[in-house]
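Below: one structure in structure tokens.
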Amino acid sequence: MLNPAVTEFEEKKSRFISSVQPVSSEDEAVEFIQSLKTKYWDATHNVYAYYICEDNEIQRFNDDGEPSGTAGMPILEVIKRMDVRNLVVVVTRYFGGTLLGAAGLVRAYSKSAAMGIEAATVVKRVLCTEIQIVIGYSQLGKVQNALLSEGYFIKDTKYGQDVEFTAYVPVDRVDGFKAMINEVTSGGALMDFGERVYVTLDRSGKPLFD
């Protein structure tokens, strides 16, 4: 997942403008592509590719008049190589008068797509289970150390008669989390398992809570 970004560079007087947009459906991708075609109506080409992995995997690309295999497919390959998804990349080209050749086009469209994705703030979404943990103050140090050492995501800590944590645990680590808490508290923790939610992580892996 990422934020919108626009980058531009010039290759032999041709302008390449990369527009990157996060999307969660094919309809959103198509709408964004159409908006760029309207915005850059006088461009020589508006090449695009998108890769969406929600309920089903969807991948599409279009060369928009460039020689087959020199534009849309290279953009899609960059998206996959950079391991990002749920986005659409549109590379707009204003022809500068000098032919780039097939290899030159592949390099230019790949470079433009990579620049756009790099300029966006790439983040990761992890499906987690929300868990409420209630412990006594005597257990606080051990639990905090265990949570930090294992890299679990803690959103809130409330201090009252007892200590209450709100943790977000990746769904494939819930059993291990439960066992760890029971071990460090000798079974003295109360845990309430809530709904599954997506947690967004930044480049460093830090959770971005609302």
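The values are calculated or read from the model by the stated rules, or taken from the named source; none is laboratory data. Predicted model, so just to flag it, every value in this text is computed and none were measured. Note that we place each Cβ from the backbone using ideal geometry, even for glycine, and neighbour counts take in every protein chain shown.
Tally up the residues in segment 55-84 that are among the aliphatic types (A, V, I, L, M), more than 19 Å from Phe95 (Cα to Cα) and in contact with a strand residue (DSSP E or B) (Cβ under 9 Å, 6 or more places away or on another chain), please. Break it down stepwise before answering.
At the first step, the residues of segment 55-84 found to be among the aliphatic types (A, V, I, L, M) are 58, 71, 73, 75-76, 78-79, 82, 84.
Within this subset, residues satisfying the condition of being more than 19 Å from Phe95 (Cα to Cα) are 58, 73, 76, 78-79, 82, 84.
Adding the requirement that they be in contact with a strand residue (DSSP E or B) (Cβ under 9 Å, 6 or more places away or on another chain) leaves 58, 73, 76, 78-79, 84.
Residues flagged as among the aliphatic types (A, V, I, L, M), more than 19 Å from Phe95 (Cα to Cα) and in contact with a strand residue (DSSP E or B) (Cβ under 9 Å, 6 or more places away or on another chain) within segment 55-84 amount to 6.
Kindly list the number of the only condition in (1) within 25 Å of Asp83 (Cα to Cα); (2) touching a residue at least 12 places away in the same chain (Cβ under 8 Å); (3) not in a strand (DSSP E or B) that fails for Leu140.
Status for Leu140: all satisfied but (1).
In the list Val84, Val20, Val78, which residue meets the criterion of being part of a helix (DSSP H, G or I) and under 26 Å from Arg125 (Cβ atoms)? Write out each step before concluding.
Numbers: Val84 fails: part of a helix (DSSP H, G or I); Val20 fails: part of a helix (DSSP H, G or I).
Answer to the selection: Val78.
Related question: For Ser25, state whether it is touching a strand residue (DSSP E or B) at 6+ places or on another chain (Cβ under 8 Å), among the hydroxyl-bearing types (Ser, Thr, Tyr) and over 18 Å from Ser110 (Cα atoms). Steps first, answer last, please.
Numbers: touching a strand residue (DSSP E or B) at 6+ places or on another chain (Cβ under 8 Å): yes; among the hydroxyl-bearing types (Ser, Thr, Tyr): yes; over 18 Å from Ser110 (Cα atoms): yes.
Against the criterion (touching a strand residue (DSSP E or B) at 6+ places or on another chain (Cβ under 8 Å), among the hydroxyl-bearing types (Ser, Thr, Tyr) and over 18 Å from Ser110 (Cα atoms)), Ser25 qualifies.
Could you list all residues from segment 129-142 that are under 20 Å from Asp172 (Cα atoms) and either modelled with pLDDT under 90 or surrounded by fewer than 16 Cβ atoms within 10 Å (Cβ to Cβ) (or both)? Spell out the reasoning first.
So in segment 129-142, the residues under 20 Å from Asp172 (Cα atoms) come out as 129-133.
Across segment 129-142, the qualifying residue is only Gln132.
Go through Ala114, Ala108, Ala167 for me and flag whichever is of a type in the set (A, V, I, L, M, F, W, C), free of Cβ contacts under 8 Å to residues at least 40 places away in the same chain and either surrounded by fewer than 20 Cβ atoms within 10 Å (Cβ to Cβ) or in a helix (DSSP H, G or I) (or both). Spell out how you get there, then give the answer.
Values: Ala108 fails: free of Cβ contacts under 8 Å to residues at least 40 places away in the same chain; Ala167 fails: either surrounded by fewer than 20 Cβ atoms within 10 Å (Cβ to Cβ) or in a helix (DSSP H, G or I) (or both).
Among Ala114, Ala108, Ala167, only Ala114 is of a type in the set (A, V, I, L, M, F, W, C), free of Cβ contacts under 8 Å to residues at least 40 places away in the same chain and either surrounded by fewer than 20 Cβ atoms within 10 Å (Cβ to Cβ) or in a helix (DSSP H, G or I) (or both).
Just give me the residues in segment 31-46 being part of a loop (DSSP other than H, G, I, E, B) and either loosely packed, with under 15 Cβ neighbours inside 10 Å or β-branched (Val, Ile, Thr) (or both), in sequence order.
Of segment 31-46, the ones part of a loop (DSSP other than H, G, I, E, B) are 40-44.
Result: Trp41, Asp42, Thr44.
Same structure again: Out of everything in segment 177-190 that is in contact (Cβ under 8 Å) with a residue 12 or more places away in the chain and in a helix (DSSP H, G or I), what residue ends up being farthest from the chain's Cα centre (by Cα)?
Going residue by residue through segment 177-190, those that are in contact (Cβ under 8 Å) with a residue 12 or more places away in the chain are 177-178, 180-181, 184-185, 188-190.
Adding the requirement that they be in a helix (DSSP H, G or I) leaves 177-178, 180-181, 184.
On the way: Phe177: 25, Lys178: 28, Met180: 30, Ile181: 30, Val184: 34 Å.
So the residue we want is Val184.
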